[in-house]
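The values are calculated or read from the model by the stated rules, or taken from the named source; none is laboratory data. What you see is a predicted model; the values in this text were computed from it and never measured. No Cβ is skipped: glycine too gets one built from the backbone with ideal geometry, and neighbour counts run over all protein chains shown. Ligands, DNA and RNA are stripped out before the accessible areas are found, and what is left, the full protein with its side chains, is counted by its heavy atoms. Shrake-Rupley method; radii C 1.70, N 1.55, O 1.52, S 1.80 Å.
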Amino acid sequence: MGTVLKLYNTLTREKVDFKPIDADNVRLYVCGPTVYDFAHIGNARPVIVFDVLFRLLRHVYGEAHVTYARNITDVDDKINARALRDFPGLPLNEAIRAVTEKTETQFLEDAKALGSLEPTIQPRATDNIAQMVEIIEKLIAKGHAYQAEGEVLFDTKSMADYGQLSKRNLDEQQAGARIAVDAHKKSPGDFVLWKLSDENEPGWESPWGRGRPGWHIECSAMSGRYLGDVFDIHGGGLDLIFPHHENEIAQSRCAHGTDVMANVWMHNGFLQLEGRKMSKSEGNFVTIYELLHTEKFGGRKWPGEVLRLAMLMTHYREPIDFSVKRLEEAERLLAKWPAAEPSTVAPDATVLAALADDLNTVAAVQAIHALAQAANADPAQLPAFAASAALLGVLPVKAEVDEAVAEAVDALVQMRLEMLKAKNFAEADKIRNDLAAKGIQLKDGKDAATGERVTTWELKR
Ligand code: AMP
Ligand code: ZN
């Protein structure tokens with residue numbers, strides 16, 4: 001232990017010394033994906049950022065003393081729409097399951113390919129409906145929720161300090177609200193806890209009839225069930241501060257009668273693609289799957305560790321511009337890092353200090369690069385490099401190559417040399433990039449005696 005983490009808390013808008021409620025069980029909750037479509041590279045940001053936090057907490061408090069819950073939102077009207085579109089022949093519940101299972105499986109594969117550890121718990125919303133109903137019942141009993149036109153709504157005016165996280169006050173919201181649409185609400189900011197389903201919509205029995213939960217109530221139910229009424233850190237992307245996190249706080253605090261829901265609220269900044277907002281309709285959009293497995297972005301596949309390092313080369317609270325140039329930069333850096341066995345020595349103090357300062361991954365990457373150079377010069381330094389790189393989850397692992405693969409790579413390397421001689425640079429680059437996507441790094445040099453170009457290669461993972 002000994003290391004004190006400083007974390008920026010959105011709730012107080014300042015960096016605070018992190019003090020866990022119980023150092024034997026540090027508890028972190030992060031809002032996970034809504035599983036209706038493949039995750040895009042923006043969705044990868046919280047996955048990677050909070051994985052670094054998870055690794056850091058495990059290092060400081062011990063692996064067995066951190067509980068990380070990241071939920072799967074598998075009930076949502078977007079999922080229903082997708083199920084009807086993609087599986088029109090199936091009964092709705094089966095169509096929904098087909099959509100959510102496929103998307104969830106892909107998300108878990110993506111997260112793994114990005115070098116992220118599995119969270120301790122990955123609860124699904126549909127496995128926690130009873131817990132949601134229980135919270136809603138409490139809210140009604142305590143006068144914080146009411147029924148209107150087939151919905152149960154949270155009464156925002158019933159909570160004196162509603163809006164603390166986003167620093168919005170209710171009167172501001174009132175002014176801009178579309179009153180006509182929301183005529184059944186007591187105040188425009190009131191939000192849905194439960195809504196009745198018609199027979200063509202998924203639904204669960206409840207005291208208010210067959211229906212389905214609103215979005216925010218899921219996270220109150222799952223964090224409460226797995227981490228307790230008050231826990232240490234709650235994370236997600238900046239866009240979730242309002243309304244999602246504000247409303248999670250309102251539900252949990254009012255149901256449980258607590259002053260806070262989580263002590264520290266952390267939010268990652270937004271990701272843009274090639275300098276523009278990511279938008280499907282404008283075609284400026286790429287999924288994690290496409291980056292890893294297709295040639296959609298920059299005309300080639302990208303290894304997961306390159307995507308991860310590229311993400312960590314910007315501080316998590318800053319906006320990030322994801323571009324081919326940035327990925328190439330990350331790849332060049334990673335190519336200079338030695339492959340190493342996982343190590344049990346302590347990570348370097350500079351790296352640890354950087355991460356402990358509100359996850360300064362930019363400084364950590366610089367320090368790791370210096371360690372890599374030291375290890376390249378002196379193999380005795382490899383364990384310190386390996387332990388430090390592992391804290392960031394970007395350790396290039398030494399891999400064995402079987403003979404058939406080695407022959408195939410040799411042949412491709414030879415073919416590339418011929419392409420270079422023929423000045424067919426496009427083809428030569430394509431071979432190099434294809435190999436890089438498989439974790440094979442080429443190194444060009446000159447034969448000392450003949451002066452001819454020679455290329456060696458190495459499998460990085
Ligand atoms: P969603 O499935 O839209 O609820 O998003 C899942 C997670 O990804 C949330 O934590 C969002 O805040 C985050 N997220 C979505 N889009 C972006 C983006 N462009 N940049 C960074 N984070 C994002
Ligand atoms: Zn949430």
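For the reader, a short list of remarks on this structure follows.
- Among residues of region 233-248 that are aromatic (Phe, Trp, Tyr), those with a beta-carbon under 6 Å from a residue that is more than 9 Å from ligand 2 (Cβ to nearest atom) at least six positions away or on a different chain give the pairs Phe242/Ser166.
- Options Glu400, Glu418, Glu458; residue that is over 23 Å from Val306 (Cβ atoms), open to solvent by 60 Å² or more (accessible area, probe 1.4 Å) and at pLDDT below 95: Glu418
- Restricting region 189-206 to residues that are buried (at least 18 other Cβ atoms within 10 Å of the Cβ) and more than 21 Å from Asp127 (Cβ to Cβ), the residue that is modelled with the lowest pLDDT is Gly189.
- Pairs are defined by a Cβ separation below 9 Å, a sequence spacing of at least 6 or placement on different chains, a first member in region 195-218 that is on the phi > 0 side of the Ramachandran plot, and a second member that is open to solvent by 70 Å² or more (accessible area, probe 1.4 Å); the pairs so defined are Gly209/Leu196.
- Among (1) among the small types (Gly, Ala, Ser); (2) open to solvent by less than 40 Å² (accessible area, probe 1.4 Å); (3) out of contact with any Asp or Glu (no Cβ under 9 Å at 6 or more places or on another chain), the one test that Ala380 misses: (2)
- Listed conditions (1) at pLDDT 95 or above; (2) more than 17 Å from the chain's Cα centre (by Cα) are all met by Gly283, apart from (1).
- Screening Ile121, Ile136 for residues that are over 27 Å from the mean Cα position of the chain (by Cα), in contact (Cβ under 8 Å) with a residue 40 or more places away in the chain and either surrounded by 13 or more Cβ atoms within 10 Å (Cβ to Cβ) or more than 30 Å from Lys301 (Cα to Cα) (or both) leaves exactly one candidate, Ile136.
- For region 68-84, a tally of residues being in a loop (DSSP other than H, G, I, E, B) and under 21 Å from Leu227 (Cα atoms) returns 2.
- Residue within region 436-448 that is out of contact with any Gly (no Cβ under 6 Å at 6 or more places or on another chain), in a helix (DSSP H, G or I) and either hydrophobic (A, V, I, L, M, F, W, C) or within 18 Å of Glu328 (Cα to Cα) (or both) present: yes
- Residue in region 316-341 that is nearest to Thr361 (Cα to Cα), counting only those that are more than 22 Å from the chain's Cα centre (by Cα) and hydrophobic (A, V, I, L, M, F, W, C): Leu333
- Subset of region 423-441 [more than 20 Å from Leu292 (Cβ to Cβ) and either free of Cβ contacts under 8 Å to residues at least 12 places away in the same chain or in contact with a strand residue (DSSP E or B) (Cβ under 7 Å, 6 or more places away or on another chain) (or both)]: Lys423, Asn424, Phe425, Ala426, Glu427
- Qualifying residue in region 220-235 (condition: touching a Lys or Arg at 6+ places or on another chain (Cβ under 7 Å), within 14 Å of ligand 2 (Cβ to nearest atom) and open to solvent by less than 10 Å² (accessible area, probe 1.4 Å)): yes
- All of Val35, Val30 fail the test of being under 21 Å from Cys219 (Cα atoms), of a type in the set (Val, Ile, Thr), within 13 Å of ligand 2 (Cβ to nearest atom) and buried (at least 21 other Cβ atoms within 10 Å of the Cβ), apart from Val30.
- Asn263 falls short of the stated requirement of being at pLDDT 95 or above and either within 16 Å of ligand 2 (Cβ to nearest atom) or outside the structural domain of Ile140 (by TED's automatic domain parsing) (or both).
- Residue within region 284-298 that is small (Gly, Ala, Ser), within 16 Å of ligand 1 (Cβ to nearest atom), under 26 Å from Lys336 (Cα atoms) and not assigned by TED's automatic domain parsing to the domain that holds Phe107 present: no
- Set side by side, the residues Ala81, Ala39, Ala69 differ, and just one is closer than 30 Å to Gly211 by Cβ, within 16 Å of ligand 1 (Cβ to nearest atom) and free of Cβ contacts under 8 Å to residues at least 60 places away in the same chain, which is Ala81.
- Filter result for Tyr8 (surrounded by 17 or more Cβ atoms within 10 Å (Cβ to Cβ), in a strand (DSSP E or B) and touching a Lys or Arg at 6+ places or on another chain (Cβ under 7 Å)): yes
- Scope region 238-283; condition open to solvent by less than 40 Å² (accessible area, probe 1.4 Å), part of a helix (DSSP H, G or I) and more than 12 Å from ligand 1 (Cβ to nearest atom); matching residues: Glu246, Asn247, Glu248, Ile249, Ala250, Gln251, Ser252, Arg253, Cys254, Ala255
Conditions (1) at positive phi; (2) at pLDDT 95 or above; (3) not hydrophobic (A, V, I, L, M, F, W, C), marked per residue:
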site: Ile72; (1), (2), (3): no, yes, no
site: Asn93; (1), (2), (3): no, no, yes
site: Glu101; (1), (2), (3): no, yes, yes
site: Phe107; (1), (2), (3): no, yes, no
site: Leu117; (1), (2), (3): no, yes, no
site: Thr126; (1), (2), (3): no, yes, yes
site: Ile135; (1), (2), (3): no, yes, no
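- Residue in region 108-123 that is within 22 Å of Tyr226 (Cα to Cα) and assigned to a strand (DSSP E or B) present: yes
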